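Since every read-out is calculated from the coordinates, none of them should be taken as a lab result. As the structure is a prediction and not an experimental result, all values here were calculated from the model. Backbone-built Cβ (ideal geometry, glycine too); neighbour counts: all protein chains shown.
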Amino acid sequence: MSTPARTSRSQELLDRYEHSLITVFGTPQLVLERGDGAWVWDVDGKRYLDLVGGIAVNALGHNHPALVAAVSKQVGEMAHISNFFTSRVQVELAERVLAIAAAPEGSGVFFANSGAEAIEAAIKLSRRTGRTGIVAAEGAFHGRTTGALALTHKPAYRTPFAPLIEHVSHVPFNDVDALRAAVTGSTAAVVLEPVQGEAGVVVADPAYLRAAREITTAAGALLVIDEVQSGVGRTGDWFGHTASGIVPDAMTLAKGLGGGLPIGALVTFGPAVTGLLTAGQHGSTFGGNPLVAAAALSVLATIEADGLLDHVTRTGEHLVDAVTALEHPDVAGVRGRGLLRAIVLRSDLAAGVTAAARDAGFLVNPVAPDALRLVPPLTITRDELDLFVTALPSLIATTKESAP
Ligand SMILES: *Cc1c(COP(=O)(O)O)cnc(C)c1O
């Protein structure tokens with residue numbers, strides 16, 4: 001794998017980074033300075049097509065005028081007020097989230113600051129059933145805080161921090177019989193992603209989600225759908241589970257919701273589930289403050305006004321068609337839905353192709369040894385995606401040439 005050529009500005013900041021940050025992320029690939037739409041520039045002025053999108057966060061791309069206007073206006077009025085008080089934007093956002101979720105009367109929203117915090121809220125919600133068991137899926141990613149980490153599957157993330165919270169089990173994803181066998185009278189919740197992004201963009205079968213709904217209902221357990229990555233239009237529907245037709249007991253949101261500002265949410269469906277958490281049982285200092293609420297409202301309004309759900313569906317299908325049309329011997333296919341995609345390679349070339357892509361001015365994510373994840377802004381155009389697809393054969397060729 002080639003290391004990116006670094007001029008003095010990038011190199012100087014990376015050296016300072018290594019001496020001032022806890023390097024849990026390893027060495028950053030680039031030092032970025034600004035963005036516009038689906039493009040970002042590094043401190044040396046080099047431009048990249050951003051197909052990572054802040055890991056499915058920058059729903060409207062960079063520097064979107066609606067987001068800039070909403071956040072600028074709000075920060076000029078008030079950024080933060082504590083949860084002793086509320087604001088018009090916070091109430092409007094909660095109402096808007098419940099509306100797009102088609103949540104029934106008596107549903108509710110708790111605002112947090114991240115995906116992991118939304119999952120923490122879901123874990124605490126589940127404890128209020130009087131049960132403690134949680135069933136999650138193999139390959140699952142639900143975050144890195146100690147509670148969420150217990151639901152995350154990857155041993156390398158978990159093992160250094162054991163023991164985690166008890167009574168969590170993992171079952172093979174998309175396996176109805178395994179789920180049925182794991183859910184018992186002591187199961188408080190089943191937690192599932194509609195698309196396992198971190199596992200390499202693996203889509204849940206709609207029939208699997210429907211079976212999970214039926215199994216949890218029969219057992220008196222909650223069904224929690226983790227929409228942190230798949231929600232807010234990413235799949236071409238408002239939520240990844242929408243197409244399955246199920247109504248979950250709760251869902252978690254974060255990543256795309258704030259368009260780059262940090263906000264997470266737990267949505268509870270119906271009065272019985274919403275009533276499980278009562279005054280004093282949970283909280284957050286920053287959660288849902290006016291600044292992030294204004295940002296999220298502008299994201300949701302723009303997705304609606306600009307018809308981005310249809311755009312995401314069509315653009316995602318175009319990506320699949322364009323990659324398929326390459327008929328490239330090293331490309332096995334494209335997984336995923338909407339603009340939550342993985343280009344699957346026939347061998348472990350993903351890290352090499354990612355480095356070659358960066359040199360050529362494209363940012364992608366090697367989510368698995370053989371898979372490139374693409375989670376670009378929902379606003380990206382076909383022409384922009386085509387730039388990458390057209391370059392892909394030469395990126396693969398460069399990678400294979402430089403392989404030892
Ligand atoms: C990213 C992610 C999380 C964790 O979100 P953070 O904001 O990083 O805490 C949880 N669940 C899913 C499905 C995610 O993709």
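Summary table
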read-out	value
Test item: Cα-centred dipole of segment 277-341, Lys/Arg +1 and Asp/Glu -1 on Cβ, debye	280 debye
15 Å reach of a label modelled at T184, 7 Å along Cα-to-Cβ, counting backbone N of segment 215-248	219-221
Inter-part distance where segment 11-82 and segment 370-386 are each reduced to a Cα centre, Å	18 Å
Fully extended contour minus Cα-Cα distance, from H282 to T132, at 0.36 nm per residue	52.3 nm
Computed magnitude of the charge dipole of the chain (debye, nearest 20; Cβ of K, R +1, Cβ of D, E -1)	700 debye
Sites matching chymotrypsin sites (Phe, Trp or Tyr not before Pro) across segment 47-95 that sit in DSSP coil, with at most 11 neighbouring C-beta atoms within 10 Å	F84, F85
Neighbour cut-off at most 16 other Cβ (10 Å), DSSP loop, trypsin sites (Lys or Arg not before Pro), segment 327-404	R346
Amide H contacts under 5 Å for L340, placed H, 5+ residues apart	none
Ordering of 291-302, 67-78, 118-129 by burial proxy (mean other Cβ atoms within 10 Å per residue, highest first)	291-302, 118-129, 67-78
Extension gain (nm, one decimal) between N63 and D15, 0.36 nm per residue minus Cα-Cα	14.5 nm
Label zone at E92 (point 7 Å along Cα-to-Cβ), backbone N below 18 Å, segment 269-306	288-306
In sequence order, calculated HN-Hα J values of segment 28-37 (Karplus, 6.51, -1.76, 1.60; Hz; x Gly/Pro)	x, 6, 8, 10, 9, 10, 7, x, 8, x
Expected-Rg normalisation [2.2 N^0.38 Å, Cα atoms] applied to segment 65-305	0.97
Segment 123-186 versus segment 258-333: alpha-carbon centroid distance in Å	23 Å
Where labels lie 7 Å past Cα in the beta-carbon direction, separation of V176 and T390 in nm	4.6 nm
In sequence order, calculated HN-Hα J values of segment 362-377 (Karplus, 6.51, -1.76, 1.60; Hz; x Gly/Pro)	10, 9, 10, 10, x, 5, 9, x, 10, 9, 9, 8, 10, 10, x, x
Distance (nanometres) between label positions extended 7 Å along Cα→Cβ at E214 and R144	4.0 nm
Expected 222 nm ellipticity per residue - DSSP helices of 4 or more, -39500 (n - 2.57), all of the chain, to 500	-11500 deg cm²/dmol
Distance (nanometres) between label positions extended 7 Å along Cα→Cβ at A305 and W41	2.6 nm
Relative contact order of segment 65-305, pairs being alpha-carbon contacts under 8 Å that are 6 or more residues apart, as %	30 percent
Long-range amide H partners of A112 with built H, under 5 Å	G264, A265, L266, G288
Protection proxy ranking of 383-394, 211-222 - average other beta-carbon atoms within 10 Å, highest first	211-222, 383-394
Rounded FRET efficiency, nearest 0.05, which uses the C-beta distance separating S402 from A207 and R0 of 45 Å	0.55
Mean separation of Cα contacts under 8 Å (6+ apart) over length of the chain, as relative contact order %	22 percent
Table column - 3J(HN,Hα) (Hz), segment 389-398, Karplus curve with 6.51, -1.76, 1.60, x for Gly and Pro	4, 5, 7, 4, x, 6, 5, 5, 4, 4
Farthest toward positive dipole pole in the chain [+1 Lys/Arg, -1 Asp/Glu at C-beta], among S284, S244, A325	S284
Net lengthening on full extension, I165/R314 (0.36 nm per residue, minus Cα-Cα)	49.4 nm
For the chain: Kirkwood Rh in Å [reciprocal of mean 1/r, alpha carbons]	21.9 Å
C-alpha long axis of helix 206-219 to longest principal axis of the chain, angle in °	30 degrees
Selection from V364, L261, N113, by position along the positive dipole direction of the chain (Cβ)	N113
Across K46/K255; K154/K400; K73/K154, pairs whose alpha-carbon gap is larger than 32 Å	K73/K154
5 angstrom amide H check on W39, placed H, neighbours 5+ away	D50, H62
